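Only one structure is covered here, and it is reproduced in the block below.
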């Protein structure tokens, strides 16, 4: 992430992280000097209290910080400092109250690392300038050459044989818990791939439901109380994506449609039984109420729609930066879809443009510690393939180099009529994979829901139900 001026909200976020987040506080406490790491006295006081509380009780103070403050303030005569600390505590309380657990620990540590490095360099320069004023050039040079980085973010040096916290973080289940959950057999097949720091893509031929799968995943993430940033890159208009959002949330069809065919059970083959159900079409008020109910007063889903070939990865990151400055950072970024993003500036050759975009999408997942989910179209040979493989890439094979996982959306014309897909792993960085392993999924795109039932067994007795 690029260096920039730090505003008050970022400083409040880091202080709030020390007050409430054990991972953040533990990492910072290991490097906390007596004078503190912040520029302002009020932040160093609060940070010092948090470090002391951790040493005594083994956890962050949370709401107990108010009691620590009251005990400290009772013996102070410096009303100006007391007021500064009081206002800072009010600020971080409001910040955390608005955002809950919306910031990942890694994101806060990255922000803290850059903030502390800036403070550290400024302190060294000011001290060196004073040395120069007194004519002590050697002392000024020594201050600058002795300067060492405060390493607390993901780019910090790790000593595996000495750092138990490193191993605790590696095996912390919260860091690998999936943000998007699917039921039954599909859930077991996908596993934990759709988690933070991951870059995942669906691959499929044209008109095989890639946009439906992306929207369904985004909705599932928001329904699970995660923040989702959804960027429509030109495949659908704002009205088109809006209707699908309403259909998915209500599981009802678009206006003018009064019955839908929903898969109910698997039969040998596999095939599905389709049950015709009467349905009430969606309306604007129904959609508004349902999304409002689903979000429960939280700001969980943000949508941006762009015309085809106008959205760049740089614009996406710029928008996320702008949201972050207001205290909102996404847990998942969904892009529909990467192949129609505009090329990056300064890159002329077509395949290099594709590679650069995918490389920067991977960086987006790392810099913001979020899941990045998108889709890509297969090559022409994919239309005749029973099962998509790595060789079915379009434009540039280096897409495979940057994703942490890629799922194939396979569907023949006959399967498409039944609302069926066969998903297989094309890429899977962190686990053994076989391109031949599949899970069968059936859904109903008339209600924008591609996942209704699933199975990993191609043969079973009549009437067995998987989901």
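The values are calculated or read from the model by the stated rules, or taken from the named source; none is laboratory data. Please read all numbers here as calculations on a predicted model, not as lab measurements. Neighbour counts run over all protein chains shown; Cβ positions are idealised from the backbone, glycine included.
What number of residues within the stretch 377-411 satisfy the criterion of being surrounded by fewer than 15 Cβ atoms within 10 Å (Cβ to Cβ), touching a residue at least 24 places away in the same chain (Cβ under 8 Å) and part of a loop (DSSP other than H, G, I, E, B)?
Summing the residues that are surrounded by fewer than 15 Cβ atoms within 10 Å (Cβ to Cβ), touching a residue at least 24 places away in the same chain (Cβ under 8 Å) and part of a loop (DSSP other than H, G, I, E, B) in the stretch 377-411 gives 1.
Have a look at 230, 288 and point out the one that is touching a helix residue (DSSP H, G or I) at 6+ places or on another chain (Cβ under 9 Å) and either touching a residue at least 24 places away in the same chain (Cβ under 8 Å) or surrounded by 13 or more Cβ atoms within 10 Å (Cβ to Cβ) (or both).
Numbers: 288 fails: either touching a residue at least 24 places away in the same chain (Cβ under 8 Å) or surrounded by 13 or more Cβ atoms within 10 Å (Cβ to Cβ) (or both).
After applying the criteria, what remains is 230.
Does residue 332 satisfy being crowded, with 17+ Cβ neighbours inside 10 Å and closer than 15 Å to residue 372 by Cα?
yes
Among the residues of the stretch 87-97, which ones are surrounded by 16 or more Cβ atoms within 10 Å (Cβ to Cβ) and modelled with pLDDT of 85 or more?
88, 89
Check off (1) within 28 Å of residue 108 (Cα to Cα); (2) at pLDDT 80 or above; (3) exposed (fewer than 14 other Cβ atoms within 10 Å of the Cβ) for residue 120 and give me the number that stays unchecked.
All conditions pass for residue 120, except number (3).
Contact list please: Cβ distance under 7 Å, first residue in the stretch 1-26 and within 17 Å of residue 369 (Cβ to Cβ) and outside the structural domain of residue 44 (by TED's automatic domain parsing), second residue in a helix (DSSP H, G or I) and modelled with pLDDT of 90 or more, pairs at least six apart or on different chains.
So the pair list comes out as 1/367.
Need a quick list: helices (runs of 4 or more DSSP H) entirely within the stretch 140-225 having at least 3 residues that are more than 20 Å from the chain's Cα centre (by Cα) and surrounded by fewer than 16 Cβ atoms within 10 Å (Cβ to Cβ).
In the stretch 140-225, 164-170 are the helices (runs of 4 or more DSSP H) which contain 3 or more residues that are more than 20 Å from the chain's Cα centre (by Cα) and surrounded by fewer than 16 Cβ atoms within 10 Å (Cβ to Cβ).
Identify all residues within the stretch 31-62 that are exposed (fewer than 12 other Cβ atoms within 10 Å of the Cβ) and touching a helix residue (DSSP H, G or I) at 6+ places or on another chain (Cβ under 9 Å); write none if there are none.
Within the stretch 31-62, 34, 35, 55, 57, 58 qualify.
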